[in-house]
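The values are calculated or read from the model by the stated rules, or taken from the named source; none is laboratory data. Values in this document were obtained by computation on a predicted structure and should not be read as measured data. Positions of Cβ are backbone-derived with ideal geometry, glycine not excepted, and every protein chain shown enters the neighbour counts.
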Amino acid sequence: MKTVAIAAAALSLLCLAAPAAAQNASQTATYGEISLRAGFTPDPYTVNIQAGGSIDGNRLPGACTGYIASAPDFEVTYSAGGLPLVFRTMSGTDTTLIINGPDGQWYCDDDSYGDGDAEVRFNNPQSGTYDIWVGKFGSGGTASARLLITETP
């Protein structure tokens, strides 16, 4: 009986941790991917996407917010130089950014670009893959948005 109780407790803990695992950076990005090198042109590089989804981003580590999809919206493989790397959103809807960086850390923002748009800035970016989710603040669903990637903030 004690073994069953321990197994049930372990299963309960796994279920509580499951929402964070819903964001799987190894999934294929919904709106594509690109490889960029420091000094890339055109700058900014832009991608039109549908922001949002059914998963609450606040279940991820850090101060993440917004509703997102399971798979990344876009993936950037970046070769760093001496420039900053900045991700921004532009939309008529309040959007958020959730990025899984090359170091495996989660970077999140809501409204730093002003007027309901998000910005995540890497002053000394690492080379590697950045998996990007553009979230929709508030309730689930989707909204038209544009992701901007720039080195000239």
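A few comments on the model shown:
- Unmet requirement for residue 98, which otherwise passes all of (1) over 17 Å from residue 33 (Cβ atoms); (2) modelled with pLDDT of 95 or more; (3) surrounded by 23 or more Cβ atoms within 10 Å (Cβ to Cβ): (1)
- Residue, farthest from residue 48 (Cα to Cα), within segment 106-120, restricted to residues that are outside any loop (DSSP other than H, G, I, E, B) and out of contact with any Cys (no Cβ under 6 Å at 6 or more places or on another chain): 106
- Scanning segment 30-47 for residues that are surrounded by 15 or more Cβ atoms within 10 Å (Cβ to Cβ) and hydroxyl-bearing (Ser, Thr, Tyr) yields a total of 3.
- Scanning segment 49-67 for residues being in contact with a Gly (Cβ under 6 Å, 6 or more places away or on another chain) and at positive phi gives a total of 2.
- Residues of segment 106-136 satisfying the condition of being of a type outside the set (D, E, K, R) and under 13 Å from the mean Cα position of the chain (by Cα): 106, 107, 108, 118, 120, 129, 130, 132, 133, 134, 135
- Test: residue in segment 120-127 that is in contact (Cβ under 8 Å) with a residue 60 or more places away in the chain and either among the aromatic types (Phe, Trp, Tyr) or loosely packed, with under 15 Cβ neighbours inside 10 Å (or both): no
- Residue 31 satisfies every condition listed in (1) in contact with a strand residue (DSSP E or B) (Cβ under 7 Å, 6 or more places away or on another chain); (2) in a loop (DSSP other than H, G, I, E, B); (3) more than 20 Å from residue 143 (Cα to Cα); (4) modelled with pLDDT of 95 or more except (3).
- Residue, modelled with the lowest pLDDT, within segment 121-153, restricted to residues that are assigned to a loop (DSSP other than H, G, I, E, B) and more than 17 Å from residue 43 (Cβ to Cβ): 140
- Residues in segment 64-105 that are among the hydroxyl-bearing types (Ser, Thr, Tyr) and not in a loop (DSSP other than H, G, I, E, B) were compared, and the one that is nearest to the chain's Cα centre (by Cα) is 96.
- Filter pass, residue 42 being at pLDDT 95 or above, within 10 Å of the chain's Cα centre (by Cα) and either of a type in the set (Phe, Trp, Tyr) or part of a loop (DSSP other than H, G, I, E, B) (or both): no
- Meets criteria (surrounded by fewer than 17 Cβ atoms within 10 Å (Cβ to Cβ) and either at pLDDT 95 or above or not charged (D, E, K, R) (or both)) for residue 91: no
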